[in-house]
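We did not get these values from a lab; they are worked out from the coordinates using the rules stated. Note that the coordinates shown come from a computational prediction; the quantities given were computed from them, not determined experimentally. Here the Cβ positions follow ideal geometry from the backbone for every residue, glycine too, while neighbour counts run over all protein chains shown.
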Amino acid sequence: MQLSAYRAVWAHPVVRQAAILGFLGKAPWFGAAIILTLHVVDGLGRSYAAAGLVTAVFTLATAVSSPWRGRLLDTVGLRRTLIPSLVVLPVAFLAAPFVGYGWLLVAMAAVGLLAVPWFVITRQMTLAAVPVEQRRTALALDSVLTELAFMFGPLAGVLAATTWDTGWALVTFALLSLLGALGFVVVNPPLVAPVRPDAAADATPRAGMRTWLNRAVATTFVANVAIAFTLAGSDLAIVGAMRAMGTTHLLGVVLAVWASGSLIGGLIYGGLTGRTIPLTFLVAGLALTTLLGSLGVTWWLLSLAMMGAGLFCATSLAAAVERISHHVPERYRGEALGWQGTFATAGNALAPPVVGWVIDHQGWQAGFLATGGVGLLLAALGWLVLVAGVRTRRRIHATQRGRPSSLSA
């Protein structure tokens, strides 16, 4: 791992802004998500199914709005995109402690539609700030910091919800997150690289998805479904395993070891600036190592297995964004990253019912096998689509040169 690569990336002021403001916004946002569940169950006295419906409404609204929000970042800029969020979201969250379940559903739908696109913003800022040769390191750093935010945010959220009133804990964490968004509005960082004085201006009108959607981007979206499904399914399988072993009190330890593997893997990947690692290989590695979770018959064996799987978590996420950055023109990057978030949300939403059903009927070990198996199938699907694209391009190239293609037989 080349620490000098990270020092060079950190030297960019915009990268530092994205890292600091992104962490300050993401960590309490992740914490607010767990507090929302506890508020429905403890504060409103509802069931976990009711809490799941609130989460589902919020998730669906976020998935729908993510491409639109990314497109706004491309067309009107960061400040004009975030100002409506800073007006509506504080009102919605401040109302949360005082409204019943029905109105809370409405409020969370509004929050989802105007949610701050944290991942798109920090990634666009990072990509705009660094040259191509530093892109992998910068994106790996973004993934690692997101992993840290995901570690500390929910932990602090649970502590706050069990110490304070859940409604006011939700308000506090949400407003703290929005302070990070306010920081972005004040700084108003560039989301595209500066244009050289000698470069010709791009005066072509903006078109739709057909301008940037190709096989490489489509397979990246499939990879995002695979990654998100595998991570969400693993989360559920770990909980099922620890409950079956009677070691639920050590759940936090296993999750922390899993996250530490992700941090290590992300840092190593970011230091490999001179090597190309195919995204399909990383997704397949994530799926295969997840399968090994089925062998974790004790909590410490499960921890070791998940640490191995963790090596591919932040790595796969960073590689997917890197691939988007290479295949999508900069002026469409926000929209593409928004769609990437939508496909990741789809994977997150599909995993719990599928893996949960398998665990209920076949046990936690089958949950790991199902999670890794689906990940492998999706990785294979992406690989087959890419191979078909390569063969098609060769056939077209051969036809244009006026000779028959050997692949046409």
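What the table shows:
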quantity: Cα gyration tensor category, rounded, prolate or oblate, for the range 2-136 with a/c compared to 1.5; calculated: prolate
quantity: Compactness of the chain - radius of gyration and Dmax, Cα, Å; calculated: 21.8, 75
quantity: Stokes-Einstein translational diffusion, the range 212-261 - Kirkwood Rh over all Cα pairs, 1.567 mPa s, 4 °C, in µm²/s; calculated: 102
quantity: For the range 210-403: rounded, prolate or oblate by the Cα gyration tensor [a/c cutoff 1.5]; calculated: prolate
quantity: Shape call, the range 108-265: gyration tensor on alpha carbons, a/c limit 1.5; calculated: prolate
quantity: Per residue Cα convex hull volume in Å³ - calculated over the range 295-385; calculated: 110
quantity: Ranking of S325, S316 by count of other Cβ atoms within 10 Å, fewest first; calculated: S325, S316
quantity: Stretch in the chain that is longest and holds no trypsin sites (Lys or Arg not before Pro) that DSSP places in a loop and that have at most 14 other beta carbons within 10 Å; calculated: 1-205
quantity: Contact order normalised by residue count of the chain, Cα under 8 Å, 6+ apart, percent; calculated: 25
quantity: Exposure proxy ranking, count of Cβ atoms within 10 Å, fewest first, for V88, V254; calculated: V88, V254
